[in-house]
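Novice: Below: one structure in structure tokens.
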Amino acid sequence: MVAEAIIRTIDLNCWFGALTVLKDINLEIYKNEIFGIIGPANSGKTTFLRALNRLNYLNISYQQTGEIFLGEQNIRTLSDNILRKKIGIIFALPQVLPVSIYNNVAYGPKVHGFTGKDTLSQIVETALKKAYLWEEVKDRLSEPAARLSGGQQQRLCIARTLAVEPQVILYDEPCSGLDPISTAKVEDTMQQLKENYTQILVTNNTKQAGRVSERCGFFLMGELVEIGQTPVLFTKPRDKRTDDYISGRFG
Ligand SMILES: Nc1ncnc2c1ncn2[C@@H]1O[C@H](COP(=O)(O)OP(=O)(O)OP(=O)(O)O)[C@@H](O)[C@H]1O
Ligand SMILES: [Mg+2]
């Protein structure tokens, strides 16, 4: 069976001012896989992720060439609003809104036009269940989200993203501020979401990429050095630079 690509970048090049940050990135990410992106600091991992939902353009020195497809659609044809609904992002530090747990999740659907109280409550409950947070928060939905633990806040951010029914979820080092137990819960959540979503995980933690991702790409100084099935990339990399990184010789 041929895997179906849901994200496809063609000759993607990115710059911040005069600095070339990504060079000729050609990458296909398949539907419902967890794709890991690993590489040392400044290799362009975050920039790649943010190129997918056009967040880099918030910086006026940013320029980009090449094409990005979501399914059959060139993302140029999608408005920022629609693109970011279809491709959600989870950042390193949980970015909860300074409102209640309930309203954090209801925010996106409201922006996208859902208004009925019953409909919204249903969406909030479903999203919290999918993010494996419902049991922990169902009796305190009106409390400020800031009262949750870091790991719960991160799963709340996942629920908030899920509430607008994305196709793809991007994670930029989502566990870097979390303890091992919270990290395990976020990783479990990712595994459970596999059935219905495509997920791209940027991580500095090669062990995490090994645990969670099915395929992995190694970025180095703006170049996509190697892509492979995660167990193969980790044990029999083709490129010496990948081998050096994986075996901890740099990065
Ligand atoms: N807003 C920005 N303005 C100017 N340069 C930037 C900006 N964001 C990133 N860069 C530069 O782009 C390069 C790649 O950065 P990026 O954040 O994509 O790397 P990364 O692989 O995610 O690194 P890390 O592992 O530290 O998060 C770096 O040299 C960085 O300094
Ligand atoms: Mg980064």
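The values are calculated or read from the model by the stated rules, or taken from the named source; none is laboratory data. Just so you know, these numbers come straight off a predicted model, no measurement behind them. Cβ: placed from backbone, ideal geometry, glycine included. Neighbour counts: every protein chain shown.
Novice: So which residues in segment 101-137 are among the small types (Gly, Ala, Ser), surrounded by fewer than 17 Cβ atoms within 10 Å (Cβ to Cβ) and at negative phi, if there are any at all? Let's see the steps before the verdict.
Specialist: Residues of segment 101-137 that are among the small types (Gly, Ala, Ser), as a first pass: 106, 108, 113, 116, 121, 127, 131.
Pick out the ones that are also surrounded by fewer than 17 Cβ atoms within 10 Å (Cβ to Cβ) and you get 113, 116, 121.
Correct list: Gly116, Ser121.
Novice: Further question: Could you give me the residue pairs with C-beta distances under 9 Å whose first residue belongs to segment 69-91 and is without any contact (Cβ under 8 Å) to a residue 40 or more places away in the chain, whose second residue is in a loop (DSSP other than H, G, I, E, B) and among the β-branched types (Val, Ile, Thr) wherever it lies, and which are 6+ apart or on separate chains?
Specialist: If the second residue must be in a loop (DSSP other than H, G, I, E, B) and among the β-branched types (Val, Ile, Thr), the pairs left are Arg84/Val164.
Novice: Filter segment 2-23 down to the residues that are assigned to a strand (DSSP E or B), farther than 15 Å from Phe69 by Cα and away from ligand 2 (no atom under 16 Å from the Cβ) and list them by number. Can you show your working first?
Specialist: Restricting attention to segment 2-23, the residues satisfying the condition of being assigned to a strand (DSSP E or B) are 5-16, 19-23.
Keeping just the survivors that are farther than 15 Å from Phe69 by Cα gives 14-16, 19-23.
The answer is Trp15, Thr20, Lys23.
Novice: Which one of these is modelled with pLDDT under 95, out of contact with any Pro (no Cβ under 6 Å at 6 or more places or on another chain), away from ligand 2 (no atom under 15 Å from the Cβ) and polar (S, T, N, Q): Asn81, Asn32?
Specialist: That would be Asn81, the only listed residue that is modelled with pLDDT under 95, out of contact with any Pro (no Cβ under 6 Å at 6 or more places or on another chain), away from ligand 2 (no atom under 15 Å from the Cβ) and polar (S, T, N, Q).
Novice: Restricting to segment 29-86, what's the tally of residues that are crowded, with 20+ Cβ neighbours inside 10 Å, farther than 17 Å from Ile169 by Cβ and of a type in the set (A, V, I, L, M, F, W, C)?
Specialist: 1
Novice: Can you tell me which residue is nearest to Ser176 (Cα to Cα) among those in segment 74-94 that are part of a loop (DSSP other than H, G, I, E, B) and more than 16 Å from ligand 1 (Cβ to nearest atom)? Spell out the reasoning first.
Specialist: Applying the first criterion (part of a loop (DSSP other than H, G, I, E, B)) to segment 74-94 yields 78-79, 91-94.
Still in the list and also more than 16 Å from ligand 1 (Cβ to nearest atom): 78-79, 94.
On the way: Leu78: 31, Ser79: 31, Pro94: 10 Å.
Among those residues, the one meeting the criterion is Pro94.
Novice: Within segment 24-38, how many residues are within 18 Å of Gln199 (Cα to Cα), in a strand (DSSP E or B) and among the charged types (D, E, K, R)? Working first, answer last.
Specialist: The first filter runs over segment 24-38 and keeps only residues within 18 Å of Gln199 (Cα to Cα), leaving 26-38.
Pick out the ones that are also in a strand (DSSP E or B) and you get 26-30, 34-38.
Then keep just the ones that are among the charged types (D, E, K, R); that gives 28.
Number of matching residues: 1.
Novice: Looking only at segment 4-28, filter to residues that are out of contact with any Asp or Glu (no Cβ under 9 Å at 6 or more places or on another chain) and of a type outside the set (A, V, I, L, M); which one of those is surrounded by the most Cβ atoms within 10 Å (Cβ to Cβ)?
Specialist: The qualifying residue surrounded by the most Cβ atoms within 10 Å (Cβ to Cβ) is Cys14.
Novice: Against the condition at pLDDT 95 or above, farther than 17 Å from Asn53 by Cα and within 18 Å of the chain's Cα centre (by Cα), how does Ala127 come out, does it pass? Write out each step before concluding.
Specialist: On the way: at pLDDT 95 or above: yes; farther than 17 Å from Asn53 by Cα: yes; within 18 Å of the chain's Cα centre (by Cα): yes.
The answer is yes for Ala127.
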